[in-house]
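First up is the structure itself, then whatever we jot down about it.
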Amino acid sequence: MSNNWRPATQLVHGGTTRSNHGETSEAIFMTQGFVYDSSEAAEARFKGETDGFIYARYGSPTNDMFEKRMCMLEGAEDARATASGMAAVSAAILCQLKAGDHIVAARALFGSCRWVVETLAPKYGIEFTLIDGRFLENWEKAVKPNTKVFFLESPTNPTLEVIDIEGVAKIADQIGAKVIVDNVFATPLLQKPLELGAHIVVYSATKHIDGQGRCLGGVILSDKEWINEHLHDYFRHTGPALSPFNAWTLLKGIETLPLRVRQQSQNASRVADFLAEQSQVAKVIYPGRKDHPQADIIARQMKGGSTLVCFELKGGKEAAFALQNALDVVLISNNLGDSKSLITHPATTTHKNLSDEARAELGISPGTVRFSAGIEDSEDLIEDFARALKSVQA
């Protein structure tokens, strides 16, 4: 395999291994276990003296291809595929922490990620501090002698705030902490956290990587040393492994990732510009627009905007519901990154478990709506929004 391939080629050919049948498409190895030529061979493999697979919970040929392909795209040394994006997040955090350690996390996180930091981790004696991650001084002020992990997503869900990953990584390096970046909203095509100094990257592969509403999946990427020291045994013994069938589905999805993300981003940009001109819309947040609050950081660390748009309707929840219910092409769903355009009301779905105060801190109002652009014709999407907005009072 060439290390000089560009992303579109990597995502078609990267990491592929073929059986003696010489199949074109990657094979699905639907097996739990593997057979050894002898007892001595089994012993050697369990000792790590010879390469090979032991048990599907630890790894399988199909999963291995997906992990290698993601490593090529991300520029990572190693990866582990997980059963879901939240399995990736929780494993990446918990595998390296113990009672008495401290997490600093940006407060703008997906609801389940906040739950891991605020509710699950403290059950094991792990402390946390939530901050407004947009300002580097907040990361510095939150550091304690026992701080081991910085955790953030950028752009954030759902308000598309952008955090200076390189700046956060420099602070973490000064104290020996590890930076975990949830890179779902940017995709590995539009942002490379490892190149910016982050240590671990996590994805919900359910989103853009599958991108076609078919399966759950996640992946954790880092250097071999960190994975061997922290993640390897945690992964083997707690069992968050990805199904080989889902790994195969993700391999098929990732082949078209550049095509989909390009079209989705173009659609998102056009819809964002359209919405910004509408009287019913109070504000639009899109990383590709010059009026984004962190436009200077975006120019430094991202290769494009995003497939997501966040906007606020003046009429609050009533207006948001009226808009969503009137849409025809765009579907109501809490998923994102799909080839179909989707729309979500975060306050009553993805972030409903947060308090009113916490949502207000994050900029999630009753009128906040998250739009995930699909690959449809942009004119059809704009016409759909134009028609639906007629049901919303200005």
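Does region 246-394 come out rounded, prolate or oblate by the C-alpha gyration tensor, with a ≥ b ≥ c the root eigenvalues, rounded set by a/c under 1.5 and, if not, prolate when a/b is larger than b/c and oblate if not? It comes out rounded by the Cα gyration axes. Protein heavy-atom accessible surface, 1.4 Å probe, per residue over region 96-224: 33 Å².
For Ser204, the solvent-accessible surface computed with a 1.4 Å probe is close to 20 Å², ligands and nucleic acids excluded. Would you list which aspartates and glutamates come within 14 Å of Lys148, measuring only between C-alpha atoms, while excluding same-chain residues fewer than 8 positions from it? In chain and number order, the partners are Asp101, Glu127, Glu140, Asp173.
Accessible surface of Arg260, taken over heavy atoms with a 1.4 Å probe and every protein chain present, rounds to 10 Å². The apolar share of the surface of the chain, taken as the fraction of accessible area on carbon and sulfur atoms (1.4 Å probe, ligands and nucleic acids excluded), comes to 49 percent. On a per residue basis, region 251-380 carries 42 Å² of accessible surface, using protein heavy atoms and a 1.4 Å probe. Inter-label distance, Glu195 to Glu383: 3.8 nm, where each label sits 7 Å from its Cα along the C-beta direction.
Around the Cα centre of region 146-225, unit charges on the Cβ atoms of Lys, Arg, Asp and Glu (plus for the first two, minus for the last two) sum to a dipole of about 200 debye.
Here each label is just a point 7 Å from Cα along the line to Cβ, and for Asn335 and Glu357 those points are 3.7 nm apart. Using heavy atoms of the protein chains and a probe of 1.4 Å, the accessible area assigned to Glu137 is about 90 Å².
Shape verdict for region 87-133, please, from the Cα gyration tensor: rounded (a/c under 1.5), prolate (a/b greater than b/c) or oblate. Oblate, since a/c reaches 1.5 and b/c is not below a/b. Just check region 140-283 against the gyration tensor rule for me: Cα atoms, a ≥ b ≥ c as the square roots of the eigenvalues, rounded for a/c under 1.5, and otherwise prolate or oblate depending on whether a/b exceeds b/c. Oblate shape, in that a/c is at least 1.5 and b/c is the bigger or equal ratio.
Count charges around Lys68 for me, please; just the other residues with Cβ under 12 Å from its Cβ, Lys/Arg as +1, Asp/Glu as -1. So the surrounding residues net to -4. Karplus-based coupling profile of region 229-239, in residue order and whole Hz: 7, 10, 8, 4, 5, 4, 5, 5, 9, 9, x, with θ = phi - 60° in 6.51 cos²θ - 1.76 cosθ + 1.60 and x standing for Gly or Pro.
From the coordinates of this entry, semi-axes √(5λ) of the Cα gyration tensor in Å is computed, and it appears in (1) 36, 26, 18; (2) 32, 27, 19; (3) 41, 22, 20 under the label (1). Residues Lys207, Lys317, sorted by accessible area with the largest first, give Lys317, Lys207 [1.4 Å probe; ligands and nucleic acids excluded].
The values are calculated or read from the model by the stated rules, or taken from the named source; none is laboratory data. From a predicted model like this one, the values you see are computed outputs, not experimental measurements. A quick note on method: Cβ atoms are made from the backbone with ideal geometry, for glycine too, and the neighbour counts reach across all protein chains shown. Surface areas here come from the heavy atoms of the whole protein model, side chains and all, with no ligands, DNA or RNA. Shrake-Rupley method; radii C 1.70, N 1.55, O 1.52, S 1.80 Å.
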